[in-house]
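The structure under discussion appears below in the form of structure tokens.
The values are calculated or read from the model by the stated rules, or taken from the named source; none is laboratory data. All values derive from a computational prediction rather than experimental measurement. As a convention, Cβ positions derive from the backbone with ideal geometry for all residues, glycine included, and neighbour counts pool all protein chains shown. Heavy atoms of the whole protein, side chains included, go into the accessibility calculation; ligands, DNA and RNA do not. Shrake-Rupley method; radii C 1.70, N 1.55, O 1.52, S 1.80 Å.
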Amino acid sequence: MLIYHTSDWHLGRMLYGRSLLSDQEHFLYNVFLPAVEREHPAGVIIAGDIYDRQVAAIEAIRLFDGVLDRLVNLGCKVFAVSGNHDGAGRMAIMKSALRRSGVYIATTLEEAMEPVTLSEGGETVQLALLPYCDPSAVRDLLCDSDLRGETACMGALLDRIRPKLDPKLPRLLVAHCFAAGASLSDSESVFVGGSGQVSPEVFAGFDYVALGHLHGPQPAGENARYSGSPLKYSIGEAGQRKCFLRLEISHGRISCQERDITPLRDVRRIEGSFDELMSGSSEDYVELHLTDRDPVLLAAQRLRPRYPNLLSVTNSWTLKAAGERAGRLSGRDQQAVFTAFMKDVCGLETDGEDLELFREIWREVQP
């Protein structure tokens, strides 16, 4: 039996004000669905954050609807949970009807208590679908006000789920959470100080735990894995490899392989002098870093025709000069700061007329 594990599609995501819907559509229709058509997995696991916002954009909903339609027509079961970015209540619409088509979308903790059985080719597995939840929801469900912390709450919840699974069958858990010890990128929402972390030890007793929430593909303890997001959703993910996971179940044993994803457009950092960057070009989403020792005026405006998906431009001179100017001008009045700015940044010497105009404007903006 073959199962695909993916997560964190974040449909409708924006990157520096640019919609990534066309990139997401490319992944789904040119990479993921063709793989499903070739290999005919029995099921697809989507471990949360299908959408990027709780009130998802219409275009994002249409994209997901189209993908579900294709998967159902291909005879592939879908096992999905709501993540912290998803609007669980909105995702719950029509889920009872969808189950009759083999699409299982869990949005409540009660549904995690009802394992789903999947059989194909002489193999049978059970899946517990656990949507994203906070400790208060677990305390309410279990009627235990003494539970404190993510690990304790998750452990108590899984203690209720395990007895509902057949110990003779491979047991899969689908969850959306932050496993302690995993690596983060700057596009993920986590709680400060590690209070949102779950110890991977709570996953004991499951043969495979399909996790979502973190965007880098990685193991979490002995039996859990993050598939990671299929696309890069921040500059911080520029060096991150993207994939979805391929689970093969044979004679009750589960093996896992990564399937790399080639995006429509990559997210990259590129470094070089202004002249070097002007001699190149790219359709990727790029952050350009200038190594010039002297200032380059209107750098972004001049580079954008060659890098139409330019996200930002930084340069060593500005960072160094800003630090030097801050130290040199510390404690000096606003007129001195203005004069230094005109000289250092604009290359102009201020005269009496400039200073008078500056003082007039300064007086007007004072409260």
Item checked: Output for the stretch 256-273, where each listed residue is outside any loop (DSSP other than H, G, I, E, B) and open to solvent by 60 Å² or more (accessible area, probe 1.4 Å) -> GLN257, GLU258, ARG259, ASP260, ARG268, ARG269, GLU271
Check: Any residue in the stretch 319-333 that is open to solvent by 60 Å² or more (accessible area, probe 1.4 Å), over 30 Å from GLY239 (Cα atoms) and at pLDDT 75 or above?
Finding: yes
Check: Considering only residues of the stretch 3-47 that are in a loop (DSSP other than H, G, I, E, B) and among the small types (Gly, Ala, Ser), which is modelled with the lowest pLDDT?
Finding: GLY17
Next item on the list: Please enumerate the residues belonging to the stretch 168-184 that are at pLDDT below 90 and over 15 Å from PRO200 (Cα atoms).
Entry: LEU184
Note to self: Report every pair of residues separated by at least 6 positions or lying on different chains whose Cβ atoms are under 7 Å apart, first residue within the stretch 17-31 and touching a residue at least 12 places away in the same chain (Cβ under 8 Å), second among the basic types (Lys, Arg).
What the structure shows: LEU20/ARG13; ASP23/ARG265
Item checked: Residue list for the stretch 1-36, restricted to those being within 20 Å of GLU120 (Cβ to Cβ) and of a type outside the set (Ser, Thr, Tyr) -> MET1, LEU2, ILE3, HIS5, PHE32, LEU33, ALA35, VAL36
